[in-house]
Amino acid sequence: MIVVFVLGGLAVLALFAALHRYLWRRLVRDVSAPRGRYRRIGTVLAFVLPLTSLGALIGGRALPLAGERWLAWPGYLWLAVLIYLTFALLVGEAVRPLLRRALDRRAARTAPEEAVLVAVPATATATAPAPEATATAPPAVPAATDEPAAATRRQFVARTVAVAAGAAAAGTVGYGTYGVLRGPRLKNVTVPLAKLPARADGYRIAVVSDIHLGPILGRAHTQRIVDTINGARPDLVAIVGDLVDGTVADLGPAAEPLAQLRARHGSFFVTGNHEYFSGAAPWVDFVRELGVHPLENARVELPGFDLAGVNDISGADHHAAPDYGKALGDRDRTRAAVLLAHQPVMIHEAVKHGVDLQLSGHTHGGQLWPGNYIAELANPTVAGLDRYGDTQLYVTRGAGAWGPPVRVGAPSDITIVKLVSLRA
């Protein structure tokens, strides 16, 4: 197993190095003079930026939070730029020959005029032509066929593609970063439940997941989320995992605004996989102190339905595995049941236990396109509302971001799930 892990890591590093060599070739070597300042700066960045990204990925295990921030911002942002810069340059590979062909045709059209100008001697006059001179003059060589001119056209094409690719990547990542730092937007979803009594018709649950407090997203991010939720005036708040990427000692102050959450029936929390990377038990105790109720394989009866929560699958490695029997086994199945479970793959157990609605996160909706296609390989639903047998599953895209503070094609959200009774 260790050998496979090492080989996999080496393969990833080799791909990482190959991508940066390709970027250096297209963005530095092809567009600059061999000994120019741009060549020197570009070469240095081709080494420094990937090292910064690697440092950001492993810094959380070796550096204090303050030091991690210095690596996280440039390192993670460069990873996002790397993705879209590579895509843009690959598109440029298809455009490059078309541009060169167009420039070659333009040069060929101007070549006859240049040839005539070269063929006429500088001392010739209109009144006294020299037949012998015209007979013995050397043939003109069109400038368009000169190697220096062709090299100039190649460099012009390289620079055009490089500038366009850089602008596309910077614009994409810039807009995606703005979307994360601005904070999630409210999304409304209506879910009909056959067992929901008429008196609970219109019950509103604010679902928030994947806040990912860490070296980039901190207290201000939490405050934006709390203000957005409170402004919606929900009946209940459900935090479905991946609240943090760090310890209580480092990130406790960043999570403190959760104490301001206001809902008629309170706020509830279940663990995600990232809580177990950071120490889930201290975080469960901490959110309880903030007035948020952890549901560790537990259930509460609310007016009109049962609300249950199970630990994340990752808890199995920490003696805290999800226990559906404990959370759901002895309940009255004539009542509607809503289950909080971080990962969408937990839907299969929810179906077995007669859950009416499961609320999940985890996927981020893919976060960075085309990550949604990769997320589809590991999750039954990446985002939105789906049905599995008699059980419905809603997956929120989450309110934060992991790694790069960037979202492309998967905007962050806080979802207000409105429960509708078919008996109303």
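None of the figures in this text is laboratory data; all of them are computed from the coordinates on show. All figures in this text were calculated on a predicted structure; none of them were measured in a lab. Here the Cβ positions follow ideal geometry from the backbone for every residue, glycine too, while neighbour counts run over all protein chains shown.
What the table below lists for this structure:
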| quantity | calculated |
| --- | --- |
| Between helix 280-289 and the chain: long-axis angle, C-alpha atoms, 0 to 90°, nearest 10 | 70 degrees |
| Candidates Ser32, Ser314, Ser267, ranked by Gaussian network fluctuation over the chain, Cα under 10 Å, top entry | Ser32 |
| Phe277, Phe268, Phe5 arranged by Cβ crowding within 10 Å, fewest neighbours leading | Phe5, Phe277, Phe268 |
| Residue-count net charge about Gly214 - beta-carbon cut-off 11 Å; Lys, Arg +1, Asp, Glu -1 | -3 |
| Nonlocal Lys pairs with alpha-carbon distance under 23 Å, the chain (8 or more apart, or different chains) | 5 |
| Extension gain (nm, one decimal) between Gln223 and Glu289, 0.36 nm per residue minus Cα-Cα | 22.0 nm |
| Loop trypsin sites (Lys or Arg not before Pro), the stretch 1-91 (other Cβ atoms within 10 Å of the site Cβ: 12 or fewer; DSSP) | Arg35, Arg61 |
| Antiparallel DSSP beta bridges within the chain, percent to nearest 5 | 30 percent |
| Net charge of neighbours whose Cβ lies under 12 Å from the Cβ of Pro234, counting Lys and Arg as +1 and Asp and Glu as -1 | +4 |
| Backbone N under 19 Å from the Arg264 label point (7 Å along Cα→Cβ), restricted to the stretch 221-245 | 229-239 |
| Unit charges on C-beta of K, R, D, E only; dipole of the stretch 185-421, Debye | 840 debye |
| Angle between the chain longest axis and helix 219-232 axis [Cα atoms, degrees, rounded to 10] | 60 degrees |
| Highest-MSF residue in the chain out of Arg96, Arg153, Arg105 [GNM, Cα springs under 10 Å] | Arg105 |
| Approximate spin-label separation Arg69-Ile2, in nm, with each point projected 7 Å along Cα-to-Cβ | 3.8 nm |
| Extended-chain gain in nm, criterion 0.36 nm per residue less alpha-carbon gap, Gln155 and Ala198 | 8.4 nm |
| Inter-label distance, nm, simple model (7 Å from Cα along the C-beta direction), Arg37/Leu10 | 4.3 nm |
| Highest-first arrangement of 73-80, 372-379, where packing means the average Cβ count within 10 Å | 73-80, 372-379 |
| Ranking of Phe47, Phe269, Phe16, Phe305 by count of other Cβ atoms within 10 Å, fewest first | Phe47, Phe16, Phe305, Phe269 |
| Computed over the chain: relative contact order in percent, which uses C-alpha pairs under 8 Å that are six or more apart | 18 percent |
| At 0.692 mPa s and 37 °C, Stokes diffusion of the stretch 185-421 via Kirkwood alpha-carbon radius, µm² per second | 189 µm²/s |
| Charge context of Val244, other residues only, Cβ under 10 angstrom, K/R +1, D/E -1 | -4 |
| Residue exposure sequence - Thr381, Thr152 - by fewest surrounding Cβ within 10 Å | Thr152, Thr381 |
| Helix 65-119 vs. the chain, principal-axis angle (Cα, 0 to 90°, nearest 10) | 30 degrees |
| Ellipsoid semi-axes in whole angstrom, largest first, where each is sqrt(5λ) of the Cα gyration tensor of the stretch 188-298 | 26, 15, 12 |
| Estimated FRET transfer efficiency when R0 is 56 angstrom, pair Thr110-Glu376 (beta carbons, to 0.05) | 0.60 |
| Full-extension gain in nm, Asp30 to Arg423, via 0.36 nm per residue minus C-alpha separation | 134.6 nm |
| Choice from Leu51, Leu13, Leu393 showing the highest fluctuation, given a GNM over the chain with Cα pairs closer than 10 Å | Leu13 |
| Under the Debye formula (equal points on every Cα, no solvent term), log10 I(q)/I(0) of the chain at q = 0.06, 0.07, 0.11 Å⁻¹ | -0.38, -0.47, -0.88 |
